Amino acid sequence: QVQLVESGGGLVQAGGSLRLSCAASGRTATYDVMGWFRQAPGKEREFVAATRWIGEPTPYLDSVKGRFTMSKDNAKKTVYLQMNNLKPEDTAVYYCAANNGLLSTSSSSYKYWGQGTQVTVSS
């Protein structure tokens, strides 16, 4: 079992910044891929970014490239999503997820999910 707890969401004006955190606990050694996804009202969940605890470049959703940065602290088993220059279209519930094997952009590949944290960007 892997437990994921997100934090850091909130309300911010367009152009502002937020940093999301996701702390992993449990059998984290068996799940080496961590991903961020988001889901806006009425829309499907979409991939934002993912990384391995060790190695591999981080792929990003095209619309967030240059604005969002995913990072990790292996010792704390925590991943972060720094979100800068936020836009109203970034408004969504953001989820952290864990996977083993391929560094996938598909939500169906991820077995464990956090509870989600709301990000709201006002115009």
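Okay, here's what the table says:
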item	result
Qualifying residue in region 50-73 (condition: assigned to a strand (DSSP E or B) and touching a Pro at 6+ places or on another chain (Cβ under 7 Å))	yes
Counted residues, region 91-115 - those being surrounded by fewer than 18 Cβ atoms within 10 Å (Cβ to Cβ) and either among the small types (Gly, Ala, Ser) or in a helix (DSSP H, G or I) (or both)	6
Top-ranked residue in region 76-87 [being without any contact (Cβ under 8 Å) to a residue 60 or more places away in the chain and in a strand (DSSP E or B); ranked as surrounded by the fewest Cβ atoms within 10 Å (Cβ to Cβ)]	Thr78
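For (1) on the phi < 0 side of the Ramachandran plot; (2) among the aromatic types (Phe, Trp, Tyr); (3) surrounded by fewer than 20 Cβ atoms within 10 Å (Cβ to Cβ); (4) modelled with pLDDT of 95 or more, each residue gets a yes or a no:
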residue: Val12; (1), (2), (3), (4): yes, no, yes, yes
residue: Leu20; (1), (2), (3), (4): yes, no, no, yes
residue: Ala29; (1), (2), (3), (4): yes, no, yes, no
residue: Val48; (1), (2), (3), (4): yes, no, no, yes
residue: Gly55; (1), (2), (3), (4): no, no, yes, no
residue: Phe68; (1), (2), (3), (4): yes, yes, no, yes
residue: Asn74; (1), (2), (3), (4): yes, no, yes, no
residue: Glu89; (1), (2), (3), (4): yes, no, yes, yes
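The values are calculated or read from the model by the stated rules, or taken from the named source; none is laboratory data. Everything numeric here is computed off the predicted structure, so don't read it as measured data. Neighbour counts are summed over all protein chains in view; Cβ atoms, including those assigned to glycine, are modelled from backbone coordinates with ideal geometry.
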